[in-house]
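The values are calculated or read from the model by the stated rules, or taken from the named source; none is laboratory data. From a predicted model like this one, the values you see are computed outputs, not experimental measurements. All Cβ positions, glycine included, derive from the backbone under ideal geometry; neighbour counts span all protein chains shown. Ligands, DNA and RNA are stripped out before the accessible areas are found, and what is left, the full protein with its side chains, is counted by its heavy atoms. Shrake-Rupley method; radii C 1.70, N 1.55, O 1.52, S 1.80 Å.
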Amino acid sequence: MKLAMIGFGQAGGKIVDKFLEYDEQTGSGIVRSAVAVNTAKADLLGLEHIPEENRVLIGQARVKGHGVGADNELGAEIAEEDIDEVQGAIDNIPVHEVDAFLVVAGLGGGTGSGGSPVVAKHLKRIYTEPVYGLGVLPGSDEGGIYTLNAARSFQTFVREVDNLMVFDNDAWRQTGESVEGGYDHINEEIVRRFGVLFGAGEVEAGDNIAESVVDSSEIINTLDGGGVSTVGYASEDVEVSSGGGGLLSRFKGDSGGGDDAMDTANTTNRITSLVRKAALGRLTLPCEIEGTERALLVMAGPPKHLNRKGIERGRKWLEEQTGSMEVRGGDYPTNAPKVAASILLAGVHNVPRIKELQQVAIEAQDNIDDIRQESEDNLENLVEDDEDELDPLF
């Protein structure tokens, strides 16, 4: 799948930068074009892979390149005011070569949280290609203002895109990690999971051809219908080099006829096991998978370790677990020494984290309003004693 990616804000820019690095390492060619937009000049200078001409600094008249200070209302206003500058970079994207736009942003800060729904709305108005969002939720320990930003941004962003894929930092933070190390780890997880998903179906001359092809239309049809999506992933290392007899040769299918059946059984069992791990393990946004509207299963790995029977069994199991009759599946042959299952669950509804986020945000908003009122009262009490004796300047 060929994507035009727009990273909005610090987190969005870093994730898109990481996608370009992933493309270079794997040769998957997912990112057809990449743009980074920010109100903070330093964040744009820190990017390594996005071309300098595609880094757009907005809001210079308002914030002088210093960011919006977690004020997502200001972030949205600046994005509206400077949308022509963003469009200038988008004009360089060969839109006829892309399958969809992907707007990437952290939802807890100011620039990405406020600006990403604005640019998504703008893209949908101008282009016929689908516009998807990839939103990153802040950890619950990052503070009330970031939770409030995320809840308001989520509510707006999901309405402006054709589908909002979500990654929840709270489910992925590891104890003892430095802040920088933690975010690097999280960004790698995001790119690994979505990289396998979006990479499916891209076949060059001389590549291995999938038995059951997953192409961009499968992904688009799964995401069609809007709502919120989450991705599951599981992988297992496999032996791909040639060698002697024994267990490894049976996995490789190098032995005689009796071992072929064993090889098929092992391959099938591995696939069904990975599908279960991917669906029931850590999702990018934890949720109950029952009631999912649509799903897509992509099995990636060396062709010898993929078979139609295993994928069909995995797809059938996913159908039973989700209760959806709209479950697509197929394989994505690679030369990597591992078999991976990537599962896209689209239209999820039972998401406790979103309910919790909204509840905490409402409390934070009430608390901020109370503090503001109390601050005004305190200031009045501080100066009113002198009002009878002193004349103000104006």
Discussion item. I'd like the antiparallel share, as a percent to the nearest 5, of DSSP beta bridges with both residues in the chain.
Written reply: 35
Fill in: Gain on full stretching of the segment that runs from Glu239 to Glu380 - 0.36 nm per residue minus C-alpha separation
43.3 nm
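Can you order the peptides 219-227, 357-365 by their average number of other Cβ atoms within 10 Å per residue, highest first?
Details: 219-227: 18.1, 357-365: 16.6.
Result, highest mean Cβ count within 10 Å first: 219-227, 357-365.
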Response to the item:
Applying the gyration tensor rule to the Cα atoms of region 1-54 (axes a ≥ b ≥ c; rounded if a/c under 1.5, else prolate if a/b exceeds b/c, else oblate), the class is prolate
Item to complete: Tabulate in residue order the Karplus-calculated ³J(HN,Hα) for region 288-296, using 6.51 cos²θ - 1.76 cosθ + 1.60 with θ = phi - 60°, rounded to whole Hz; enter x for Gly and Pro.
Response: 7, 7, 5, x, 4, 6, 9, 8, 9
Discussion item. I want to make sure I understand the PRE zone here: with the label point 7 angstrom from the Cα of Ala42 toward its beta carbon, which residues in region 91-126 have backbone N atoms less than 16 Å away?
Written reply: 110-111
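What's the long-distance tail for region 4-91, i.e. % of Cα pairs beyond 20 Å? Write out the running numbers ahead of the final one.
Values: 1200 of 3828 pairs.
Looking at region 4-91, the distances longer than 20 Å represent 31 percent of pairs.
Quick check on region 1-123: of the DSSP beta bridges with both residues there, what percent are antiparallel, nearest 5%?
Values: 1 of 16 bridges.
Rounded to the nearest five, the antiparallel share is 5 percent.
So, with +1 on the Cβ of K and R and -1 on the Cβ of D and E, and no other charges, what is the size of the charge dipole of region 25-137 about its Cα centre, to the nearest 20 debye? Write out the running numbers ahead of the final one.
Details: 8 positive and 16 negative charges, 35 e Å.
That gives a dipole near 160 debye.
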Fill in: Calculated [θ] (222 nm, deg cm²/dmol) that DSSP helices of n ≥ 4 give over the chain, each run adding -39,500 (n - 2.57)
-15000 deg cm²/dmol
Practice prompt. Name the long-range amide H neighbours of Val68: under 5 Å, sequence gap of 5 or more, or other chain; modelled H, no Pro or chain starts.
Written response: Thr111
Discussion item. Taking the solvent-accessible surface of protein heavy atoms with a 1.4 Å probe, what is the per residue accessible area of the chain in Å²?
Written reply: 47
Worksheet item: Taking a ≥ b ≥ c as the square roots of the eigenvalues of the Cα gyration tensor of region 5-157, is the shape rounded (a/c under 1.5), prolate (a/b larger than b/c) or oblate?
Response: rounded
Discussion item. What is the angle, in °, between the Cα long axis of helix 308-322 and the longest principal axis of the Cα atoms in the chain? Nearest 10 is fine, range 0 to 90.
Written reply: 40
Fill in: Gln373-Asp170 FRET efficiency (beta carbon distance; Förster radius 22 Å; 0.05 resolution)
0.10
Response to the item:
Of every hundred units of 1.4 Å-probe accessible area on the chain, the number belonging to carbon and sulfur atoms, as a percent, is 46
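Hey, with R₀ at 22 Å, roughly what FRET efficiency would Ala265 and Glu290 work out to, going by the Cβ-Cβ distance, to 0.05?
Working: r = 29 Å, r/R0 = 1.34.
Efficiency for this residue pair is about 0.15.
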Worksheet item: Say we join alpha carbon atoms closer than 10 Å with springs in a Gaussian network model of the chain; which of Thr111, Thr26, Thr268 then has the biggest fluctuation?
Response: Thr26
Worksheet entry | Acute angle (nearest 10 degrees) that the helix 179-199 long axis makes with the longest principal axis of the chain, alpha-carbon atoms | 50
Worksheet item: Shape of region 65-136 from its Cα gyration tensor (a ≥ b ≥ c, root eigenvalues): rounded if a/c is under 1.5, otherwise prolate when a/b > b/c, or oblate?
Response: prolate
Response to the item:
Amide H contacts under 5 Å for Gly329, restricted to residues at least 5 apart in sequence or on another chain and with H modeled in the peptide plane, are Leu297
Worksheet entry | Dipole axis of the chain (+1 Lys, Arg; -1 Asp, Glu on Cβ), positive-most option in Ile90, Leu285, Gly108 | Leu285
Practice prompt. Note the listed values (i) 0.96; (ii) 1.07; (iii) 0.99, then indicate which one is Rg/Rh (Cα atoms, Kirkwood Rh) calculated from this particular structure.
Written response: (ii)
Practice prompt. Round to the nearest 10 and give me the degree value, 0 to 90, for the angle of helix 111-126's Cα axis relative to the longest principal axis of the chain.
Written response: 70
Discussion item. Amide H of Val104 versus every other amide H placed in the peptide plane: which residues, excluding those fewer than 5 positions away on the same chain, fall under 5 Å?
Written reply: Ile6, Gly7, Phe8, Leu134
